[in-house]
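Novice: The structure that follows is given in the form of structure tokens.
The values are calculated or read from the model by the stated rules, or taken from the named source; none is laboratory data. Everything quoted here is computed from the prediction, not taken from an experiment. Note that we place each Cβ from the backbone using ideal geometry, even for glycine, and neighbour counts take in every protein chain shown. Side chains are part of the model used for accessible areas, which takes the heavy atoms of the whole protein and leaves out ligands, DNA and RNA. Shrake-Rupley method; radii C 1.70, N 1.55, O 1.52, S 1.80 Å.
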Amino acid sequence: MEGVLIDCVQNSLRHLLYRNAIFMCERLCSEFPSEANLQLLAACYLQSNQAYSAYHILKGTQMPQSRYLFAISCFQMDLLNEAEMALCPSNEPSAEVPNGAAGHYLLGLIYRYTDRMKSAAHQFNQALSLDPLLWAAYEELCKLGAAGEATSVFGESASECIQKQYMSHDVGPPGDDHNLVSGRQLAESVSPRQLRLLHGNNVKDNSLNHNAAVFAGNAAATQPNNGVHANISFYNTPSPMATQLSGVAPPPICRNMVPNGPNSSSGGADASPRSTVKSTIQAPRRKFVDEGKLRKISGRLFSDSGPRRSTRLAGETGSVANITGNGTTTNHHSSKYPVTSKITSAAFRAVTVRKEKSWSSESFNEGIRSEVDDTRSNATTTSGSSPSPDTVSVSCDGLIMSMGSRASMSVSKIATGASDVLSLLKILGEAFRLSCLYRCQDALDVFLQLPHKQYNTGWVLSQVGKAHFELVDYLEAERAFSNARLASPYSLEGMDIYSTVLYHLKEDMRLSYLAQELISTDRLAPQSWCAMGNCFSMQKDHETALKNFQRAVQLNSRFAYAHTLCGHEYVALEDFENGIKSYQNALQVDGRHYNAWYGLAMIYLRQEKYEFSEHHFRKALQINPRSSVIMSYLGTSLHALKRNEEALEIMENAIIADKKNPLPMYQKANILVSMEDFNGALKVLEELKEYAPRESSVYALMGKIYKRRLMYDKAMLHFGLALDLKPSATDVATIKAAIEKLHVPDELEDNL
């Protein structure tokens, strides 16, 4: 009876029938109460998003696998201290972390969210040493800025580790939990598609979705509020809608993106991966003076809350299972949990390994079966008599020889497969590492080394879009994200950044369409509400935008970018106190989220707290040392502190970092004017006119300089040109006041 119930539960889990699995597992635990069966019941509850049930079931259990499942439950419920105690009991300091690589990975996440970054990096490195294909661990190291070069991480030692894992039949790969629950063998035939690790899922944030690693299905993890904005009333958010909110059908999936055949491309066509995805959207010409760099170069220099810079989202990773030589199935990536099952030799079948069937076990076992079948067939056809000893000897020799040849073929196949996988991960890992270090152009160059079929995937194209976004190249970013939508219209990876790109390009219709598409895809994803919030923010409805961003925070309190966007809206509403709190919440989630450092610095700059402003700009610049915008505002803070020489040096670096950014050139001219170097300032402004020919503030500053030099005719000319370019109402009043006082030499207009 016990075996039948266990098989029924496992079969229900494989088919995502969680309600049935829970019901049958409760019957199992009632009839046969054991910790092993409690593990299975807890796994059922975890897969149905009921972490609290699993928490109460496993509280006080001692088996390693029970401790791991209990830690997963605690992590989902944001009980990080209890999760850590489950993985590392204080009364057993020498105890191993349960579940191998997956356990170290979970412990690393706990350390990360309790602000112990060095310990987190150590745990992620431990996880990678046990399982080189645990991509999520390397991804976390990249986000911490502690990742080694991908060529060394996914090098020869990783290949040897993988081969040992696959070729080991008697002993499972390092990191497996080999507890034979209740003395029975563990067996679970799990579909490879059900072994996807949901940490870094494109619908929810990395940290919370690691918990879904215990699931066989793709259930989303429960997102606790973590005490952030706890007083905000929840929206009425039903389950994801089956129909779209918009009346327009979504774009079809882009198929056959890679040209095939001799007629697929003309002579001289670009053969790079970038050319294989055709953009269907013609974006407008790049605006050099926009919010991404400088919304308005004017006397009201600090009126903007700053660019909505990107956050780093995570990718996806696969999960790992293993089969031991005696038929015991274990899982050391936590997508499934070892549970008991009585199996017979006739029903036994090799379990899938790392999303693919284990070449060694599959070939080895099938080879045995085929040879045994052949032997039996030969024996039954020999005139009904029992086989002679010679016949048996020949059959056994043939069986052994066949097994040896198949094993040697499997060894070479495993070595080749491991090499191919690691070669791919070297490119992806190095590109992602460079992207997290904000060496975006280098990252783009590495991404171009990918094969066409890998480059033209949703995750890669989203990463390419993020890299262009960080380079403030919004047109290229829009093309990349648009192609990502065509390749994976169901994916939400990077869609929050895509909505910000459309915000900067002032594409209100397309932003509105994207927001509705995302809401119809998943109303419980923070990316959907970030897009909706950007849509309202573009319409200057900051209060409604703030509510949407707060909804994203409620859905996932560890989504750093949502906190930052809340801060931007608070600043737009002149609520600096709550803006500071939002930015600080973002930094609690991700200390390397430079956007939040930048937002804090901008608030202090507007409040004329220049020392604080300088400190926070420098923190942001340490994380993203290639940002021309951050350099420009850091120079502005130094100028306000009367440190003009340092400010000029920073401005020169900002100009070199992005020659198309007009902000540092304008600020450099302002600094030169304050130092009474009028000729140098005019030279810079003449050059700036080439990049921003329709910016009224440039002509207004030139008019001010000519006035200071008593060249009233030229001053009047440039003031008139500035008015012709239709500046804002405040700037119009300032320029007219300067014209009226044109012949008053003692009156200096410092805020033109």
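Novice: List, please: which pairs have Cβ atoms under 8 Å, are six or more places apart or on different chains, and start with a residue in the stretch 40-60 that is within 22 Å of ARG14 (Cβ to Cβ) and open to solvent by 30 Å² or more (accessible area, probe 1.4 Å) and end with one that is assigned to a loop (DSSP other than H, G, I, E, B) and of a type in the set (S, T, N, Q)?
Specialist: Cβ pairs passing all conditions: ASN49/THR222.
Novice: Those residues that are open to solvent by 10 Å² or more (accessible area, probe 1.4 Å) and either assigned to a helix (DSSP H, G or I) or at pLDDT 95 or above (or both), I need them from the stretch 101-125; list them, please. Lay out the reasoning, then the answer.
Specialist: Going residue by residue through the stretch 101-125, those that are open to solvent by 10 Å² or more (accessible area, probe 1.4 Å) are 104, 111-119, 121-123, 125.
Across the stretch 101-125, the qualifying residues are HIS104, TYR111, ARG112, TYR113, MET117, LYS118, SER119, ALA121, HIS122, GLN123, ASN125.
Novice: Are there any helices (runs of 4 or more DSSP H) wholly within the stretch 551-643 with 3 or more residues that are among the hydroxyl-bearing types (Ser, Thr, Tyr), and if so which?
Specialist: Working: elements: 560-572, 576-589, 594-606, 610-623, 628-640.
In the stretch 551-643, the matching helices (runs of 4 or more DSSP H) lie at 560-572, 594-606, 628-640.
Novice: Follow-up. Can you pull out every residue in the stretch 83-100 that is assigned to a helix (DSSP H, G or I) and either in contact with a Ser or Thr (Cβ under 7 Å, 6 or more places away or on another chain) or open to solvent by 60 Å² or more (accessible area, probe 1.4 Å) (or both)?
Specialist: As a first pass, look at the stretch 83-100 and keep what is assigned to a helix (DSSP H, G or I): 83-87, 100.
Passing the criteria: only MET85.
Novice: With the requirement that a residue be out of contact with any Pro (no Cβ under 9 Å at 6 or more places or on another chain) and buried (at least 21 other Cβ atoms within 10 Å of the Cβ), what does the stretch 644-669 give you?
Specialist: ALA647, ASN661, PRO662, LEU663, PRO664, MET665, TYR666, GLN667, LYS668, ALA669
Novice: Taking TYR583, is it within 20 Å of the chain's Cα centre (by Cα), of a type outside the set (Gly, Ala, Ser), crowded, with 24+ Cβ neighbours inside 10 Å and more than 27 Å from GLU517 (Cα to Cα)? Can you show your working first?
Specialist: Working: within 20 Å of the chain's Cα centre (by Cα): yes; of a type outside the set (Gly, Ala, Ser): yes; crowded, with 24+ Cβ neighbours inside 10 Å: yes; more than 27 Å from GLU517 (Cα to Cα): yes.
In short, yes.
Novice: OK, next. Cβ contacts < 7 Å: first residue farther than 19 Å from ASP78 by Cβ, restricted to the stretch 109-129; second residue at pLDDT below 95 and not in a helix (DSSP H, G or I), any location; separation 6+ or different chain. Result?
Specialist: ALA121/ALA146; ALA127/LEU134; LEU128/LEU134
Novice: Shifting gears a bit: Residue by residue through the stretch 430-474, note down the ones that are over 17 Å from LEU621 (Cα atoms), hydrophobic (A, V, I, L, M, F, W, C) and surrounded by fewer than 20 Cβ atoms within 10 Å (Cβ to Cβ).
Specialist: Correct list: LEU448, LEU450.
Novice: For LEU486, state whether it is in contact with a helix residue (DSSP H, G or I) (Cβ under 7 Å, 6 or more places away or on another chain), in a helix (DSSP H, G or I), of a type in the set (A, V, I, L, M) and more than 25 Å from ALA620 (Cα to Cα).
Specialist: Numbers: in contact with a helix residue (DSSP H, G or I) (Cβ under 7 Å, 6 or more places away or on another chain): no; in a helix (DSSP H, G or I): yes; of a type in the set (A, V, I, L, M): yes; more than 25 Å from ALA620 (Cα to Cα): yes.
So LEU486 does not fit the description; no.
Novice: Take the residues in the stretch 677-706 that are in contact (Cβ under 8 Å) with a residue 12 or more places away in the chain and not in a helix (DSSP H, G or I), then tell me which one is surrounded by the fewest Cβ atoms within 10 Å (Cβ to Cβ).
Specialist: ARG694
Novice: Condition (residue is touching a residue at least 60 places away in the same chain (Cβ under 8 Å) and open to solvent by 30 Å² or more (accessible area, probe 1.4 Å)) applied to the stretch 61-72: is it met by at least one residue?
Specialist: First pass over the stretch 61-72, keeping only residues touching a residue at least 60 places away in the same chain (Cβ under 8 Å): 63-65, 68-69, 72.
Now restrict to residues that are open to solvent by 30 Å² or more (accessible area, probe 1.4 Å): 63-64.
Yes - at least one qualifying residue is present in the stretch 61-72.
Novice: What pairs can you find where one residue is in the stretch 416-427 and among the aromatic types (Phe, Trp, Tyr), the other is surrounded by fewer than 19 Cβ atoms within 10 Å (Cβ to Cβ), and their Cβ atoms are less than 9 Å apart, with a gap of 6+ or different chains?
Specialist: Correct list of pairs: empty, since none qualify.
Novice: Select from the stretch 712-745 the residues that are open to solvent by 70 Å² or more (accessible area, probe 1.4 Å), without any contact (Cβ under 8 Å) to a residue 24 or more places away in the chain and not in a helix (DSSP H, G or I) and list them in ascending order.
Specialist: LYS741
Novice: So, one more: Could you grab the pairs with beta carbons closer than 6 Å, sequence gap of 6+ or different chains, first residue in the stretch 77-95 and modelled with pLDDT of 90 or more, second one of a type in the set (Phe, Trp, Tyr) and surrounded by 10 or more Cβ atoms within 10 Å (Cβ to Cβ)?
Specialist: ALA83/PHE75; ALA86/PHE70
Novice: Grab the helices (runs of 4 or more DSSP H) fully contained in the stretch 1-69, keeping just those with 3 or more residues being within 20 Å of VAL97 (Cβ to Cβ).
Specialist: Working: elements: 2-14, 18-31, 35-47, 51-58.
So the answer is 35-47, 51-58.
Novice: Read through the list (1) open to solvent by less than 20 Å² (accessible area, probe 1.4 Å); (2) in contact with a His (Cβ under 8 Å, 6 or more places away or on another chain); (3) without any contact (Cβ under 8 Å) to a residue 60 or more places away in the chain, then give the number of the only condition that SER674 fails.
Specialist: Status for SER674: all satisfied but (1).
Novice: Moving to a separate point now. Residues to consider are SER528, SER499, SER520, SER537; find the one that is surrounded by fewer than 22 Cβ atoms within 10 Å (Cβ to Cβ), small (Gly, Ala, Ser) and either part of a helix (DSSP H, G or I) or on the phi > 0 side of the Ramachandran plot (or both).
Specialist: Values: SER528 fails: surrounded by fewer than 22 Cβ atoms within 10 Å (Cβ to Cβ); SER499 fails: surrounded by fewer than 22 Cβ atoms within 10 Å (Cβ to Cβ); SER537 fails: surrounded by fewer than 22 Cβ atoms within 10 Å (Cβ to Cβ).
Of SER528, SER499, SER520, SER537, the one residue that is surrounded by fewer than 22 Cβ atoms within 10 Å (Cβ to Cβ), small (Gly, Ala, Ser) and either part of a helix (DSSP H, G or I) or on the phi > 0 side of the Ramachandran plot (or both) is SER520.
Novice: Surrounded by fewer than 22 Cβ atoms within 10 Å (Cβ to Cβ), assigned to a loop (DSSP other than H, G, I, E, B) and modelled with pLDDT of 85 or more, is that true of ASP170?
Specialist: Numbers: surrounded by fewer than 22 Cβ atoms within 10 Å (Cβ to Cβ): yes; assigned to a loop (DSSP other than H, G, I, E, B): yes; modelled with pLDDT of 85 or more: no.
No, not satisfied.
Novice: On the given criteria, is LEU492 open to solvent by less than 10 Å² (accessible area, probe 1.4 Å), more than 28 Å from ASP658 (Cα to Cα), of a type outside the set (Asp, Glu) and outside any helix (DSSP H, G or I)?
Specialist: Answer is yes for this residue.
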